[in-house]
Amino acid sequence: GAVVSQHPSWVICKSGTSVKIECRSLDFQATTMFWYRQFPKQSLMLMATSNEGSKATYEQGVEKDKFLINHASLTLSTLTVTSAHPEDSSFYICSASRAGVAQTQYFGPGTRLLVL
Amino acid sequence: DAKTTQPNSMESNEEEPVHLPCNHSTISGTDYIHWYRQLPSQGPEYVIHGLTSNVNNRMASLAIAEDRKSSTLILHRATLRDAAVYYCIPGYGGSQGNLIFGKGTKLSVKP
């Protein structure tokens, strides 16, 4: 199967700082990338969908100015959590998909963010 | 989005078959049925998907009811590595991005 990587795998930061998380599709071109967030003992929540070269589409309730998404190439998307606060501490997971119907979403291993 | 109902948890013995049910009575005619699983502290992993016909791959089989209102994921011989949360997700999939994760079924496998 296709491989998606995330970097870093975990990060601890101080409140008020910004954190950037990278998501890369290693062996395929991802037309679309997705960002999810998962709190402990809960399911994944879709935050936003991004297509290469265009602005991301955010889910209701997700602040686009706080969670900046850039999808500059067919193999790289970044999520920047700006002015992070303790309530932003979570497990952030990206996924990538090729174009087309019913294409599989390939998920990254996740990034655990802890904001102190 | 179609609503799904899955058991909160199930138990299986190692090397025995496991049938994981899912009800999706409000599924639309164009929605595929996707199954993903998530091991602890990892991102989800694709298992299988189908539209109307039953599907088989090296990981599992997917049996889809004729009316498409339910489906069953079949693991033919459970191993300890199959212990995970299994999510049944109706949706278009792919670049449409409408994979909405529910609570899933937590599968435990006993040696």
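Filtered by the rule that a residue be of a type in the set (A, V, I, L, M, F, W, C) and buried (at least 19 other Cβ atoms within 10 Å of the Cβ), the stretch A:47-70 gives A:M47, A:A48, A:A56, A:F67, A:I69.
B:R81 meets all of the listed conditions (1) of a type in the set (K, R); (2) outside any strand (DSSP E or B); (3) within 14 Å of chain A (Cβ to nearest Cβ) but one, namely (3).
The set of residues in the stretch A:34-47 being of a type in the set (A, V, I, L, M, F, W, C) and at the interface with another protein chain (Cβ under 9 Å from one of its Cβ atoms) consists of A:F34, A:L44, A:M45, A:L46.
Quick grid of which residues meet (1) away from every other protein chain (no Cβ under 11 Å); (2) out of contact with any Cys (no Cβ under 8 Å at 6 or more places or on another chain); (3) part of a loop (DSSP other than H, G, I, E, B):
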{"position": "B:P7", "(1), (2), (3)": "yes, yes, yes"}
{"position": "B:S12", "(1), (2), (3)": "yes, yes, no"}
{"position": "B:E15", "(1), (2), (3)": "yes, yes, yes"}
{"position": "B:L20", "(1), (2), (3)": "yes, no, no"}
{"position": "B:S25", "(1), (2), (3)": "yes, yes, yes"}
{"position": "B:H34", "(1), (2), (3)": "no, no, no"}
{"position": "B:S53", "(1), (2), (3)": "yes, yes, yes"}
{"position": "B:L62", "(1), (2), (3)": "yes, yes, no"}
{"position": "B:E66", "(1), (2), (3)": "yes, yes, yes"}
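Just checking, does the stretch A:54-69 include any residue being out of contact with any Phe, Trp or Tyr (no Cβ under 8 Å at 6 or more places or on another chain), within 9 Å of chain B (Cβ to nearest Cβ), on the phi > 0 side of the Ramachandran plot and part of a loop (DSSP other than H, G, I, E, B)? So far as the stretch A:54-69 goes, no, none of its residues is out of contact with any Phe, Trp or Tyr (no Cβ under 8 Å at 6 or more places or on another chain), within 9 Å of chain B (Cβ to nearest Cβ), on the phi > 0 side of the Ramachandran plot and part of a loop (DSSP other than H, G, I, E, B). Where residues in the stretch B:93-108 are under 15 Å from the mean Cα position of the chain (by Cα) and facing chain A (nearest Cβ under 8 Å), which of them is modelled with the highest pLDDT? Selected residue: B:G104.
Might you let me know whether the stretch A:71-93 holds any residue that is of a type in the set (G, A, S), facing chain B (nearest Cβ under 10 Å), out of contact with any Ser or Thr (no Cβ under 6 Å at 6 or more places or on another chain) and buried (at least 19 other Cβ atoms within 10 Å of the Cβ)? Before you say what the answer is, go through the steps one by one.
Of all residues in the stretch A:71-93, those of a type in the set (G, A, S) come to A:72-73, A:77, A:83-84, A:89-90.
After this cut, where a residue has to be facing chain B (nearest Cβ under 10 Å) as well, the list is none.
Scanning the stretch A:71-93 turns up no residue that is of a type in the set (G, A, S), facing chain B (nearest Cβ under 10 Å), out of contact with any Ser or Thr (no Cβ under 6 Å at 6 or more places or on another chain) and buried (at least 19 other Cβ atoms within 10 Å of the Cβ).
Residue check: is A:R24 in contact with a strand residue (DSSP E or B) (Cβ under 6 Å, 6 or more places away or on another chain) and either within 10 Å of chain B (Cβ to nearest Cβ) or within 19 Å of A:R112 (Cα to Cα) (or both)? Yes. Residues considered: A:Q38, A:Q42. Of these, the only one that is free of Cβ contacts under 8 Å to residues at least 12 places away in the same chain and on the phi < 0 side of the Ramachandran plot is A:Q42. For B:T26, the conditions (1) more than 22 Å from A:A96 (Cβ to Cβ); (2) modelled with pLDDT under 95; (3) in contact with a Ser or Thr (Cβ under 7 Å, 6 or more places away or on another chain) are fulfilled apart from (3).
The values are calculated or read from the model by the stated rules, or taken from the named source; none is laboratory data. This structure is a prediction, so every number in the text was calculated from the model and none was measured. Don't worry about glycine lacking a Cβ; one is built from the backbone with ideal geometry, like all the others, and counts go over all protein chains shown.
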